[in-house]
Amino acid sequence: MNILGIETSCDETAAAIVKDGREVVSNVVYTQIPLHQPYGGVVPEVASRAHVEKIGEVVKTAMVSRVDAVAVTYGPGLSPALLVGLNAAKGLAKGLGVPLVGINHIAAHLHTPFLRTPGEPPVTVSAPEDAMPALGLAISGGHTAWIDMPEYGSYKILGQTLDDAAGEAFDKAAKLLGLGYPGGPVVDRIARDFLAAPTGDLVPFPKGRPREGVSALAGLPAELCVSFSGLKTALLRYVQREGGADALAAAGEIPRVVASYQEAIVQAVADRTRTALRRVRRRSLVVGGGVSLNSRLRAVLSEVAAEADVELLLAAPRYCGDNGAMVAGLAYYRYAAADDAMGLDVCPGLEVEE
Ligand code: KG4
Ligand code: ZN
C-alpha cells in the first residue's frame with residue numbers, strides 16, 4: 001500500500017510516498033530555514049505564506065506513483081502552517097478519491113527509525129511491532145518527551161520538558177552567542193571539534209533539573225522531567241560575566257562554552273532516559289526529532305541503551321528533521337483504525353496520548 005504523507009507543521013514544506021509503512025518511495029522536503037534566519041526563529045505568518053507557495057510543487061514532485069491514501073499532520077504545530085497542509089491534503093484525497101488519515105507530529109517523529117531507503121543499508125532492522133514495548137524519546141525544536149510505547153500505536157507520556165524543548169535551548173544559546181539560526185547544527189559542529197581536542201575544562205552548567213514542585217503541576221515525576229530555562233539563564237549570566245559574546249569570541253572561548261552547554265543538555269537527556277529505562281522494562285529505545293541528529297547525543301544514548309540492555313533505534317539523518325515520510329509511514333499503521341479525516345480541524349496543541 002502506497003501512502004502520500006504531507007507535513008507542514010512548522011518550517012518545512014514536505015511530502016513523501018511510503019510503501020507499506022517503511023519503504024520510502026519519494027521524499028521531498030523544502031526547508032524554509034533561510035526565510036526565518038533574519039528573525040532568529042520561525043515566524044508563523046512567514047511559514048504559512050511559504051507553505052502556500054511551495055505545497056503544490058512539493059506534492060507534485062513527491063507524486064511519483066499512484067497512492068492508496070493521503071496522510072497529513074494535523075497537530076501539534078503552528079496553526080497557520082498546519083492549515084496549509086491539512087487543506088491541501090483534503091483537496092488531494094477528495095480529488096484522488098482515496099481516504100485521508102490525520103497524523104500526530106510527535107508520533108510521526110517516533111516512526112522515523114523504522115523508515116528505510118531503498119539501496120541503502122537499513123539503520124534499524126526491527127519492524128515497529130518487533131521493537132515493542134519501547135521507550136520513545138521525541139526530541140526536537142518544539143518537543144522533548146519520554147513516551148512509553150507498550151505496543152505500536154499506543155503512547156503515554158512519562159516525562160517531558162517543563163519549559164523549553166532541547167532544540168529550542170540549542171537555538172536560544174546560538175542566538176545569544178551570535179552563531180545564527182538554527183543553533184543545533186552549528187553547536188554540534190563546534191562542540192565536536194572542541195571535544196576532539198579540548199583546550200580547557202567544561203563549564204559546569206546546570207543539568208536541567210526541574211525546580212521542586214514544578215513537575216507536580218504537570219502531574220509528572222520530577223526525575224523524568226527536564227527544565228532548560230535555568231540552563232539558558234546560567235549561560236546568559238556566564239556570557240555577561242565574561243564581558244559579552246564578542247569578548248568570549250575574541251578570547252577564543254566560544255567552543256568551550258558551546259561544548260559545555262551541549263554537554264549539560266545531553267547529560268540531562270541521558271539521565272532522564274536512564275531513569276525511565278529503570279522504571280519500565282523495555283525492549284528498545286526509539287528516538288526521533290531534529291535534535292536526535294546531535295552527534296554527542298547519539299553517542300551518549302548508545303551508551304545508555306547498552307547499559308540498560310535495550311536496542312537503540314535511531315533514524316537515518318535525513319529523517320530526523322521534519323519530513324513527509326514519517327507521516328506516510330505511521331499512517332500505514334494507523335490506517336485501519338483511523339476515522340476518515342475529512343472533517344478534521346488543525347489541532348496546534350495536540351497531545352501524543354489518545
Ligand atoms: O524535528 P525538527 O526539524 O522540528 C521540530 O519539530 O521542532 O527539529 C528542529 C530542531 C531545531 O531546534 C534545531 O536546532 C535542532 O532540531 N537540531 C539539532 C541538530 N540539528 C537540528 N540540535 C542539536 N544538534 C543537531 N545536530
Ligand atoms: Zn518535528
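Values in this text are rule-based calculations from the coordinates and carry no lab data. This structure is a prediction, so every number in the text was calculated from the model and none was measured. Using ideal geometry, Cβ is built from the backbone for each residue, glycine included, and neighbour counts are taken over all protein chains shown.
Summary table
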{"read-out": "The chain: angle of helix 166-176 to the longest principal axis, Cα-based, in degrees nearest 10", "value": "50"}
{"read-out": "Cα pair distances in the chain, grouped into 20 Å bins until the bin that holds the longest one, percent each", "value": "31, 57, 11, 0"}
{"read-out": "DSSP-assigned coil residues among GluC sites (Glu not before Pro) in the range 177-273, each with at most 14 further Cβ atoms within 10 Å", "value": "Glu212, Glu242"}
{"read-out": "Relative contact order (%) - the chain, alpha-carbon pairs under 8 angstrom, separation at least six", "value": "27"}
{"read-out": "Cα centre as origin, Lys/Arg/Asp/Glu Cβ charges: the chain dipole, Debye", "value": "280"}
{"read-out": "Inter-site label distance for Val64 and Ala249 at 7 Å from Cα along Cβ, in nm", "value": "4.1"}
{"read-out": "Restricting the range 47-134 to trypsin sites (Lys or Arg not before Pro) in coil, as DSSP defines it, with at most 11 other Cβ within 10 Å", "value": "Arg66"}
{"read-out": "Leu158 long-range amide H proximity, modeled H, under 5 Å", "value": "Trp146, Ile147, Asp148"}
{"read-out": "Cleavage-rule hits, trypsin sites (Lys or Arg not before Pro), the range 278-324, DSSP coil, Cβ neighbours within 10 Å at most 12", "value": "Arg281"}
{"read-out": "Using distinct alpha-carbon pairs, which all enter the 1/r mean, Kirkwood radius of the range 8-124 in Å", "value": "14.9"}
{"read-out": "Built amide H within the under 5 Å cut-off of Arg116, gap 5+", "value": "Glu23, Val24"}
{"read-out": "Karplus 3J(HN,Hα) series, Hz, for the range 264-269 with 6.51 cos²θ - 1.76 cosθ + 1.60 (x for Gly, Pro)", "value": "4, 5, 4, 5, 5, 5"}
{"read-out": "Overall Cα dimensions of the range 247-354, principal axis frame, Å, largest first", "value": "59, 36, 24"}
